[in-house]
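Visitor: One structure, pasted below without further comment.
Only the coordinates and a few stated rules stand behind these numbers; no lab work does. Values in this document were obtained by computation on a predicted structure and should not be read as measured data. Don't worry about glycine lacking a Cβ; one is built from the backbone with ideal geometry, like all the others, and counts go over all protein chains shown.
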Amino acid sequence: MTWTLVCGDVMRKAVAAGALVLAAHSPAALAANDDAAEALAKAGNCYKCHSVEKTKKAPSYKKIAQKYKGKADAEDALIKHLSARKAVKVEDGGDEDHEPPPARDAADLRNLVQWILSRG
């Protein structure tokens, strides 16, 4: 076997592996599971204060997504916010306890955050 054939074969395999990696990380592959995210938001009573489109007691998910658009730390910042039990300011200027949604694990919470960020 010649050096050229070996290098060509290695290169073809490397290109194919790279294509698989890119396909796995495409926007479609990373898309949020909408049904699971909405179910978690419902289970956590998030819709009591939030709406997808309109401001209620708290900003809409669309407004939140626009606020974080293009920010590298958007997911981490929202996960931190959703994980903490704390008082938050609501639209009327008052404070309200913010309870974390009942996520089974970190993946559920990350999915919810990705869904919120995709609303913008």
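Visitor: Can you pull out every residue in the range 78-105 that is in contact with a Ser or Thr (Cβ under 9 Å, 6 or more places away or on another chain) and over 20 Å from Q66 (Cβ atoms)?
Guide: P100, A103 - these are the residues of the range 78-105 that are in contact with a Ser or Thr (Cβ under 9 Å, 6 or more places away or on another chain) and over 20 Å from Q66 (Cβ atoms).
Visitor: So is A41 touching a Gly at 6+ places or on another chain (Cβ under 9 Å) and among the aliphatic types (A, V, I, L, M) or not?
Guide: Judged against the criteria, A41 is not a match.
Visitor: Still on this structure: Scan the range 82-109 residue by residue and report those that are under 17 Å from A32 (Cβ atoms), surrounded by 10 or more Cβ atoms within 10 Å (Cβ to Cβ) and of a type outside the set (A, V, I, L, M).
Guide: P101, D108
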